[in-house]
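The structure under discussion appears below in the form of structure tokens.
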């Protein structure tokens, strides 16, 4: 018997009175029989947009009725997204109309993390950033105390069409090198592995491939366009044989033709064994390697002499040796095999070598730069503006990547950066963090340390659309307009069927939010002169240059040398977009782009509708299958790496083995199609699909421990502990557990996300891989106990 | 007592205080009050629930009320009606009250046709209680339905639907039974005697039609195989209604006729006892045959699955075994009365199982590959059972109040419980 | 006009884009219960191997619909195109249609206090000139194909002529119009994804069944 009816009561509060008063919260009044408004009465339009719910930027049309976005429909003109919108794409309306959205600028009046903020105007907010308040110092004071060392400011930004703008503002204009890019908690090693081997990441031509090995990439649940759409229309004997490797039985495995439940982090052994078979049995494409390979003979000796046999690999990976032989032979004898590159956060510390090995193996098959293989395609070039970047003499170097083999000056390593700051090991103090569209408390492993890190900052500024966990530790919060409320810089999408895509604003920015480029401009304008004064005070090079200058000359120097921080945004995004397109393609193209949201040369001739479900974007002979030709190189023995102490060829080391202490479990991370990390967890339409995350635990193990479905268990690692409901299933191995990333929000302001589920970043240990300092996500062992 | 005679019927001249504030009415008021509280809860949940639709957030951007409504919609328990088991305690109660009430009326008509004098003498009281039960059942159904749109039953009827046929059926049935009662209590006995045979035949006929329509209501639901494959549902309803009706008649006799009948009380109880034995035997045999033919999935749930304790311990034992044993030999009347009590409770449980088990087998095995779950983190449901809500139980208690109130009014005004010689 | 949908369910990845699109297009309530369409998931072990499969489904708009038969007020009715619609101003919430439906297609809309279900996007898309339902248009792997069974040259009938298909719970004799295409290249998977008593049809076998059911109930089809 139900004890409580926890619904809105008749007599409680004004909510019910509105119902009685006839002004109901829904468009249908209980007491009236009116049909919905006639289509002819309401004004409706379809505005092209690019979805911002994840990295894919699918194109759609926003159906706007009377100024309200009612539905998001797929855009049939964009080759990349293939005329579809995933669940998050459809739910974008609930990010736009999220009632918890940041509506106006906020300034902290309480302590960090307690959620006490004051509503202020934009001017007051910019002022607070510049001059601070009684609770925190402004950037001017900090730079003054640090003698204009711009590196005292760190910044981070989540992926998006306006990411580059923020990088320009903070990195180029304000001049700090300390950019902790989200790439170091994501696919840094994958990109690096492929770039360093075949020169680019490439795209898998899954419409024409006939054999696919997909390892650790869960395309059914981590949707990437157009791979997901192509892959699952050709499986099950319809032309593409899919062999999936994954420690757990994901939806991709459910749609695959074969599954190997590989031990986490041991993919390298598998690939090396495949390579061994290909080399030993001489199944590889000799002509191709002769023409394009660099250092193949070294690798051949390396693999054969190290004995990377399938028998050896089967002990490490848990995959039977005959299966490895079978797979290698099938792969090499297939007409168009692809070893899928994958793109996800790093599983294990050998990830860079793994991706190199995968790229080399793909090279051995010869299936590169042609139909059915990994192609490099073509990008439609758009004019790029030059940024007039000022030179700051006082700025010091990055410190976080000194301990990694290949320091990436631009993007750094989140974990190293944060840990060094927290442990006080930095050569100079880092005192301010400017963050945009990023939630490190959820995204970076070891949340406890991230909290310490944010608390150590003197100034935290956040530009975001939602009051995320991280925003609650910030001093000034600037509300941004969501992707449906703004026009973004026009972007070119390359590969097989390149196109240029435009995002137009479906509605005007709600509340007091502003589009990011406007914020950059206004912030830059506010900071420009005061920071310039600070530079004049401490920067010796500038002082030398400007010695004895008159005010007008100084002003000219200031402008010419890029010290006017706002000059990038003199023209609005809309103007810049039109200029770029008209300059490159002409007026007609701009018209097409504005109407359809997409443009590529000859779009009107090439684009055809075959039926309601299928469109042709480029005729087959016009697709860019082969673009590199002779310039293609497969760098197998990368000698330069050895100088940095990195294996020049993929090599197995004993400590790469998968080991879980008895009684513990290895935590693996992953995705579901309904959520994009932690960015979408407050979206009520998506929460409707999954209320909270559960811990996947093997059914047999659960039975032994007496854990039933929805029992609360406590998961403990060396860095933290969480409580979560259990989901016993056969879909995961007995010594592993899994929980969906992005839940367990700690920000009370996000009322749908708060309190539902658990945050895996709390328990993932902050290990890094040694080459780029990228965060390694799948090497944490945890204890489980029933509560 | 002073009486007024209108159209041959003696109406007791009772004061308002005697009519509305006697002890039975007070008791019914208490029960009704409980029922009204239940109705209040139901109405609140049904009409004053702020739901949240997909477009609401856009129509009221930034509204905090939206947060409350949406949070409830997604993280709350769901609305009043459960999708997998829409028919619940209301249907159980309505089935029980209407079928048993009609059963009483049916049995009395049959007994009168068979010239059982003792029943003829006490018929009016039985019929009045029977019709009160029918009204109590209809009351329960009224709460279950969305009465705001009731007019469409008349403006847009679907004649073939069993649900619709209930409207003309009870529109005719209730006045008809009231007319039967009138015939029994009227002073114009001569005229009454003349048409009594026809009326009694019509009564039997209309009862059979009623049970047929009710059975149609259940067996038209092809999806619920328990109801669809039950052999001759009409007969099952009639027989099971008889068992319950005899229980009601027994208890009623105990409270009403024990003193007023004097020596004849025992013969009334004997009649009831013998009828009960026959009906229980038929019902038991029927159930035994039925469970051989109904869809094995449902049969499994009832006989060997989660319902087995309720079925055997609640229904079979209470409705059939114990009463049968108590009434096997002619002995003290009180045993029959105790048996009646068990029969009432047992047959209620039987109706409960009938409705709840009908929904217990999930519809989600559409593809023949087993039950489906609809979300990643859900348990696969292989058994649908939602225990009744508190508001439903309160409304059921309220229906007892309705029955008591209607009967008391009839009795106070027309003295239907008076033993009358024919 | 006789609208139906064909499902190539082997494409489904259970992303639930269709569920969200349906709710947005038709302004459906939030809540786990309030699904006009859904993707069901089964998990079982077949010869020692795990087998997880996804089954998108919705109201079948049966030609011989039991839900229309039992509705006392004709709130549940047919409209031209062979669609089963609910006139929510007439619904007395007797829930008979919910009991009669073998497919669990119906639920109660708490705001209108009436029964609701999938309408093939008739009032929100088809009658406004779109040729696709919201669920079809949004699907990443294009599982659904909406079309007209009376149009011999249309994409839907052409597809049904080429493939074997089945319907759900054909023993209930409701003549449903959701046609699930049998995967033809992986018989192992195909057989695991259906039950033993699932009858497979070809277009020639199904057409007379459709015509017969249509003839039986077409008098009840109202103008929309």
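The values are calculated or read from the model by the stated rules, or taken from the named source; none is laboratory data. What you are looking at is a predicted structure, and each value in this text was computed from that prediction instead of being measured. Cβ sites come from the backbone with ideal geometry, for glycine too, and all protein chains shown count toward neighbours.
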Scope the stretch C:59-75; condition in contact with a helix residue (DSSP H, G or I) (Cβ under 9 Å, 6 or more places away or on another chain), within 23 Å of residue C:179 (Cα to Cα) and within 11 Å of chain B (Cβ to nearest Cβ); matching residues: C:62, C:64, C:65, C:66, C:67, C:68, C:69
So residue A:707, is it surrounded by 17 or more Cβ atoms within 10 Å (Cβ to Cβ), within 30 Å of residue C:29 (Cα to Cα) and either more than 13 Å from chain B (Cβ to nearest Cβ) or without any contact (Cβ under 8 Å) to a residue 60 or more places away in the chain (or both): no
Residues being at the interface with another protein chain (Cβ under 7 Å from one of its Cβ atoms) and over 19 Å from the mean Cα position of the chain (by Cα) - total across the stretch C:76-99: 8
Helices (runs of 4 or more DSSP H) lying entirely in the stretch B:42-129 (those with 1 or more residues that are in contact (Cβ under 8 Å) with a residue 60 or more places away in the chain, under 30 Å from residue B:366 (Cβ atoms) and more than 10 Å from every other protein chain (Cβ to nearest Cβ)): B:89-113
Which numbered condition residue A:599 misses (of (1) more than 17 Å from residue A:76 (Cα to Cα); (2) buried (at least 18 other Cβ atoms within 10 Å of the Cβ); (3) within 29 Å of the chain's Cα centre (by Cα)): (1)
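Check every one of the helices (runs of 4 or more DSSP H) wholly within the stretch A:493-612 and list those with 3 or more residues that are in contact with a strand residue (DSSP E or B) (Cβ under 8 Å, 6 or more places away or on another chain).
A:516-538, A:587-596
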Qualifying position, being under 30 Å from residue C:11 (Cα atoms), away from chain C (no Cβ under 12 Å) and in a helix (DSSP H, G or I), among A:212, A:191, A:169: A:191
Complete set of residues in the stretch C:202-224 that are in contact with a strand residue (DSSP E or B) (Cβ under 6 Å, 6 or more places away or on another chain) and outside any loop (DSSP other than H, G, I, E, B): C:220, C:221, C:222
Given (1) more than 9 Å from chain A (Cβ to nearest Cβ); (2) touching a strand residue (DSSP E or B) at 6+ places or on another chain (Cβ under 9 Å); (3) without any contact (Cβ under 8 Å) to a residue 60 or more places away in the chain, index of the condition residue C:171 fails: (2)
Residues satisfying the stated conditions in the stretch A:613-627, i.e. more than 13 Å from residue A:82 (Cβ to Cβ) and surrounded by 16 or more Cβ atoms within 10 Å (Cβ to Cβ): A:623, A:624, A:625, A:627
Residue B:373 vs. criteria free of Cβ contacts under 8 Å to residues at least 24 places away in the same chain, away from chain C (no Cβ under 14 Å) and surrounded by fewer than 23 Cβ atoms within 10 Å (Cβ to Cβ): no
In the stretch C:100-117, the residues that are part of a loop (DSSP other than H, G, I, E, B), touching a residue at least 24 places away in the same chain (Cβ under 8 Å), more than 27 Å from residue C:167 (Cβ to Cβ) and facing chain B (nearest Cβ under 8 Å): C:110, C:111
Out of C:141, C:124, sole residue that is surrounded by 22 or more Cβ atoms within 10 Å (Cβ to Cβ) and out of contact with any strand residue (DSSP E or B) (no Cβ under 8 Å at 6 or more places or on another chain): C:141
Conditions (1) modelled with pLDDT of 95 or more; (2) within 28 Å of the chain's Cα centre (by Cα): number failed by residue A:120: (2)
Filter pass, residue C:192 being in contact with a strand residue (DSSP E or B) (Cβ under 7 Å, 6 or more places away or on another chain), surrounded by fewer than 24 Cβ atoms within 10 Å (Cβ to Cβ) and either closer than 29 Å to residue A:235 by Cβ or more than 14 Å from chain A (Cβ to nearest Cβ) (or both): yes
Residues of the stretch C:139-185 that turn out to be in a loop (DSSP other than H, G, I, E, B) and within 28 Å of residue B:363 (Cβ to Cβ), as a count: 18
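Test residue A:220 against the stated conditions and say whether it is in contact with a helix residue (DSSP H, G or I) (Cβ under 6 Å, 6 or more places away or on another chain), within 14 Å of chain C (Cβ to nearest Cβ), crowded, with 21+ Cβ neighbours inside 10 Å and not in a loop (DSSP other than H, G, I, E, B). Before you say what the answer is, go through the steps one by one.
Numbers: in contact with a helix residue (DSSP H, G or I) (Cβ under 6 Å, 6 or more places away or on another chain): yes; within 14 Å of chain C (Cβ to nearest Cβ): yes; crowded, with 21+ Cβ neighbours inside 10 Å: yes; not in a loop (DSSP other than H, G, I, E, B): no.
Taking the combined requirement at face value, the residue does not satisfy it.
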Matching residues in the stretch A:632-652 - criterion: being surrounded by fewer than 18 Cβ atoms within 10 Å (Cβ to Cβ) and not in a loop (DSSP other than H, G, I, E, B): A:639, A:640, A:642, A:643
Residues satisfying the stated conditions in the stretch A:464-477, i.e. in contact with a helix residue (DSSP H, G or I) (Cβ under 6 Å, 6 or more places away or on another chain) and outside any loop (DSSP other than H, G, I, E, B): A:464, A:473, A:476, A:477
Filtered residue count, the stretch C:1-29, keeping only those that are more than 7 Å from chain B (Cβ to nearest Cβ), surrounded by 20 or more Cβ atoms within 10 Å (Cβ to Cβ) and part of a loop (DSSP other than H, G, I, E, B): 6
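So if I check each of A:724, A:732, which one is crowded, with 23+ Cβ neighbours inside 10 Å, within 14 Å of chain C (Cβ to nearest Cβ) and more than 24 Å from the chain's Cα centre (by Cα)?
Numbers: A:724 fails: within 14 Å of chain C (Cβ to nearest Cβ).
It is A:732.
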Lone qualifier among A:330, A:322, A:385 - being in contact with a strand residue (DSSP E or B) (Cβ under 8 Å, 6 or more places away or on another chain) and surrounded by fewer than 24 Cβ atoms within 10 Å (Cβ to Cβ): A:330
Given (1) modelled with pLDDT of 90 or more; (2) out of contact with any helix residue (DSSP H, G or I) (no Cβ under 6 Å at 6 or more places or on another chain); (3) more than 9 Å from every other protein chain (Cβ to nearest Cβ); (4) under 30 Å from residue B:113 (Cβ atoms), number of the condition residue B:142 does not satisfy: (4)
